[in-house]
1. Could you tell me whether the range 176-195 includes any residue that is at pLDDT 95 or above, open to solvent by less than 30 Å² (accessible area, probe 1.4 Å), within 13 Å of the ligand (Cβ to nearest atom) and not in a helix (DSSP H, G or I)?
2. For the range 164-175, how many residues are part of a helix (DSSP H, G or I) and of a type outside the set (Ser, Thr, Tyr)?
3. Looking at (1) assigned to a helix (DSSP H, G or I); (2) within 16 Å of the ligand (Cβ to nearest atom); (3) more than 25 Å from PRO201 (Cβ to Cβ); (4) of a type outside the set (Asp, Glu), which one does MET116 not meet, given that it meets all the others?
4. Could you check ARG230 against (1) touching a Phe, Trp or Tyr at 6+ places or on another chain (Cβ under 7 Å); (2) modelled with pLDDT of 95 or more; (3) surrounded by fewer than 19 Cβ atoms within 10 Å (Cβ to Cβ) and say which number it fails?
5. Go through (1) in contact with an Asp or Glu (Cβ under 9 Å, 6 or more places away or on another chain); (2) open to solvent by 50 Å² or more (accessible area, probe 1.4 Å) and name the single condition ASP277 misses.
6. Only residues that are under 23 Å from GLN91 (Cα atoms) and either free of Cβ contacts under 8 Å to residues at least 24 places away in the same chain or assigned to a helix (DSSP H, G or I) (or both): list them for the range 26-49, please.
7. Do we find that SER13 is at pLDDT below 95, part of a helix (DSSP H, G or I) and either in contact with a strand residue (DSSP E or B) (Cβ under 6 Å, 6 or more places away or on another chain) or away from the ligand (no atom under 14 Å from the Cβ) (or both) in this structure?
Amino acid sequence: MFNNSISRINNSSDMANMRLEDKTAIVTGGGKGIGASICNAFANEGAKVIVADIDIESADMHAEKLKQKGMEVVSTKVDVTDPESINSMVQTVLKDYGQIDVLVNNAGARIIKGLMQHSLDDWNQMIQINLTAPFICSQAVIPHMIKHNRGTIINIASIASFMGRPNRCAYVAAKTGILGLTRSMAADLAGKNIRVNAIAPGMIASPFNQSFAQSSDTGPAWAQENLIGRWGQPVDIAGAAVFLASEESSFMTGTEIKIEGGWLGARSRSGEVPLWD
Ligand SMILES: NC(=O)c1ccc[n+]([C@@H]2O[C@H](COP(=O)([O-])OP(=O)(O)OC[C@H]3O[C@@H](n4cnc5c(N)ncnc54)[C@H](O)[C@@H]3O)[C@@H](O)[C@H]2O)c1
């Protein structure tokens, strides 16, 4: 199933102090955007990385780029809305590596439509990819994590997990649900040395948000809405994913990290600026 062979890091001094050495990680939606950046960061920290994406061309290209740098990365095609496709990916990873230590449930999609314009099919699609898929992918890897007595699962949530947003009712419902799933899985996996956490990104200039980030209206205007004053980049999410995948976060489970430039923490009303003079 894998489209690329594995290339090994030759320089053993490069392996010193790597935070994910000896870990095998699957990143769904790893071909582009936030997932691609997480793949970079994981591989950079010594993990064997499976770039799993429905868009196999992007996954292949990304894996190839990392392999050229001597990293241990392979690409695979998966449709996270299809249980058979997920099982086939998991079986192949187990056959090739014998273990899965980290699963990042990152693949996601968003429909922007009015409340009454959302069809039942729109609703089902949003729940399927953003909530059901992380559940099925997790169920597929958990038996192997239990067998190896270790694992971490990272679900990519959203600022939409914490607040209503107009024209995204199904996406918001699914992203709110992913926090419940994160907490419940953490509880179910207590005592198994498997931790489950979420990352909630804010406005990130990935392909997902390209049209908003590049628009002369929303690009600069939305950048000013958070406390940092810029759009987030995919790389802004990757460090937290490394942290949650590593032993540095060994006392964290059932919780989430928000990375949104302070957008949820505090916002100014129109015309309101901090007074310094
Ligand atoms: N970009 C943002 O501002 C933002 C904010 C909050 C949360 N998120 C979440 O972060 C995650 C990644 O978003 P992104 O911005 O990188 O999106 P993106 O659209 O840039 O990339 C998503 C990747 O997932 C893949 N994918 C889509 N459907 C798939 C399927 N059925 N099976 C396998 N792979 C599939 C795509 O091919 C793509 O490579 C998503 O869960 C998204 O909801 C993004």
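The values are calculated or read from the model by the stated rules, or taken from the named source; none is laboratory data. Not measured: the values here are computed from a predicted model. With ideal geometry, Cβ positions are generated from the backbone for all residues, glycine too; neighbour counts draw on all protein chains shown. Protein only, heavy atoms only, side chains kept; ligands, DNA and RNA dropped before computing areas. Shrake-Rupley method; radii C 1.70, N 1.55, O 1.52, S 1.80 Å.
1. Checked the range 176-195: no residue is at pLDDT 95 or above, open to solvent by less than 30 Å² (accessible area, probe 1.4 Å), within 13 Å of the ligand (Cβ to nearest atom) and not in a helix (DSSP H, G or I).
2. 6
3. (2)
4. Here ARG230 meets the rest and fails (1).
5. Exception for ASP277: condition (1).
6. So the first thing to find is which residues in the range 26-49 are under 23 Å from GLN91 (Cα atoms), and the list is 26-31, 35-36, 38-39, 42-43, 46-49.
Residues satisfying the conditions are GLY35, ALA36, ILE38, CYS39, PHE42, ALA43.
7. Yes.
Listed here are the residues, each with its yes/no results for (1) among the polar types (S, T, N, Q); (2) in contact with a Lys or Arg (Cβ under 9 Å, 6 or more places away or on another chain); (3) buried (at least 20 other Cβ atoms within 10 Å of the Cβ).
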position	(1), (2), (3)
ALA109	no, no, no
GLN117	yes, no, no
ASP121	no, no, no
ILE129	no, no, yes
GLN139	yes, no, no
